[in-house]
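Before any comments, here is the structure.
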Amino acid sequence: MRLDNPVKPMFLSGVEDNPQPGPYLDFIRSMKESGSEYPQIWHMFAFHPKATQHLAKFTQEIMREPAPVSAGLRELIAAYTSARNCCPF
């Protein structure tokens, strides 16, 4: 089991260092234990789950609900946009 973390720390150490119990904290721990990268926004979701639950739901609905553009193409557009903005996706 790898315990080193390949993900760079956030600029908001107060957020990253103070997660609340819940599924996002579990996701973060699991990814860290496996040595895998994970979306840094999970720290925000873990820090204040109640305030961010609407953002998480919104994101899933936009990316996964039926639409004229397939979910796969939406993911590709998001990845391309992130790359153009020098932001890991």
* Would you please list the contacts, defined by Cβ atoms under 7 Å and residues six or more apart or on different chains, that run from a residue in the stretch 37-53 that is closer than 10 Å to V15 by Cα to a residue that is of a type in the set (D, E) and surrounded by 15 or more Cβ atoms within 10 Å (Cβ to Cβ)? => H43/E16
* **Condition met for L55 (open to solvent by 60 Å² or more (accessible area, probe 1.4 Å), modelled with pLDDT under 95 and over 12 Å from the mean Cα position of the chain (by Cα))** => no
* Structure fact -> Per the filter on the stretch 46-89, residues part of a helix (DSSP H, G or I), more than 23 Å from S36 (Cβ to Cβ) and in contact with a Lys or Arg (Cβ under 8 Å, 6 or more places away or on another chain) are I62
* To do: State which residue is nearest to A56 (Cα to Cα) when the search covers only the stretch 14-33 and only residues that are surrounded by 12 or more Cβ atoms within 10 Å (Cβ to Cβ) and among the acidic types (D, E).
  => D26
* Somewhere in the stretch 63-71, is a residue modelled with pLDDT under 90, under 26 Å from E16 (Cα atoms) and open to solvent by less than 70 Å² (accessible area, probe 1.4 Å)? -> yes
* Asked: If C86 passes every condition in (1) exposed (fewer than 12 other Cβ atoms within 10 Å of the Cβ); (2) within 19 Å of S13 (Cβ to Cβ) but one, which one does it miss?
  -> (2)
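The values are calculated or read from the model by the stated rules, or taken from the named source; none is laboratory data. In this text the structure is predicted, and so the values were computed from the model without any measurement. Backbone-built Cβ (ideal geometry, glycine too); neighbour counts: all protein chains shown. Just so you know, the surface numbers come from the protein's heavy atoms only, side chains and all, with ligands and any DNA or RNA stripped out. Shrake-Rupley method; radii C 1.70, N 1.55, O 1.52, S 1.80 Å.
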